[in-house]
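What follows is a set of notes on a single structure, which appears directly below.
All of the numbers you see were taken from the coordinates with simple rules; none came from a lab. Fair warning: this is a prediction, and the values are worked out from it, not measured in the lab. Note that we place each Cβ from the backbone using ideal geometry, even for glycine, and neighbour counts take in every protein chain shown.
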């Protein structure tokens, strides 16, 4: 069975990402066509990229990188949950992506974003990063504007449209992860 990680990319105290990632994971757990696991970048305590060799060589020296590579390499695809910070990706998520290379290759990527404009600009940047890491990003995405999907801009209250959109993200990530499987073996 395909394994898909729900990757929470914000590490900021007070982040809204916990509620969003928990919702994504809860929706994923209802599915029977893939196994899902919630991965929180904050749990890995990655410093700013400190590997002396390029990630494309896969010769990691630090234990934190080896642990990150082991978990990320075990998945067939990813659904990234991202905030939008200053029209872009949270620094912690970009850093976590930069640590690895081969572990991301030939895998599917979908996006759930949140922020003032729903996080769409962060996803546009993530699509470029995913392409360089040889991930296949799917077209469907869920954008969660703070004004409409968060009560009083703080409490996450997903709309039926968001639930439907998330189902499409899962469908596409699973389909693409399966289609790319021969390239990973």
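Would you mind checking the stretch 99-140 for residues with the amide N under 17 Å from a putative spin-label position 7 Å along Cα→C-beta of residue 67?
Under 17 Å, as judged by backbone N against the label point of residue 67, lie 99-100 of the stretch 99-140.
Please report the spacing between the Cα centers of the stretch 141-156 and the stretch 44-102 in Å, no decimals.
Each part's Cα centre sits 27 Å from the other's.
Points 7 angstrom from Cα along the Cβ direction at residue 164 and residue 57: gap in nanometres?
Here the answer is 5.1 nm between the modelled labels.
How large is the helix-only mean residue ellipticity at 222 nm for the chain, computed as the sum of -39500 (n - 2.57) over DSSP H runs with n ≥ 4, divided by its residue count, in deg cm²/dmol to the nearest 500?
-12500 deg cm²/dmol
Efficiency by 1/(1 + (r/R0)^6): what FRET value for residue 49 and residue 181, r their Cβ-Cβ distance, R0 = 22 Å, to the nearest 0.05?
Numbers: r = 29 Å, r/R0 = 1.32.
E between residue 49 and residue 181, to the nearest 0.05, is 0.15.
In the stretch 131-185, how does Rg compare with the Kirkwood Rh, expressed as the Rg/Rh ratio over alpha carbon atoms?
Result: Rg/Rh = 1.15.
In whole percent, what relative contact order does the stretch 4-148 give with Cα contacts below 8 Å and a gap of six or more residues?
24
Any chance you could give the angle, 0 to 90 degrees and rounded to 10, that helix 120-132 forms with the longest Cα principal axis of the chain?
20
Fewest to most neighbouring Cβ within 10 Å: what's the order for 98, 33, 76?
Ranking 98, 33, 76 by Cβ neighbours within 10 Å, fewest first, gives 33, 98, 76.
Apply the a/c threshold of 1.5 to the C-alpha gyration tensor of the stretch 5-101 and tell me whether it is rounded, prolate or oblate.
oblate
Please give the residues of the stretch 44-79, grouped as numeric ranges, whose backbone N is less than 11 Å from a label point set 7 Å along the Cα-to-Cβ vector of residue 105.
56-58
Return the Rg/Rh ratio of the chain with Cα-based radii and a Kirkwood Rh.
0.95
Label the stretch 57-161 by shape, choosing from rounded, prolate and oblate, from the square roots a ≥ b ≥ c of the eigenvalues of the Cα gyration tensor; if a/c is under 1.5 it is rounded, and otherwise prolate applies when a/b is larger than b/c, oblate when it is not.
Values: a/c = 2.30, a/b = 1.98, b/c = 1.16.
Prolate, since a/c reaches 1.5 and a/b exceeds b/c.
How do 135, 1 rank when sorted from fewest to most other Cβ atoms within 10 Å of their own Cβ?
1, 135
In degrees between 0 and 90, to the nearest 10, how far off the longest principal axis of the chain does helix 63-73 point, with axes built from Cα atoms?
So the inclination is approximately 70 degrees.
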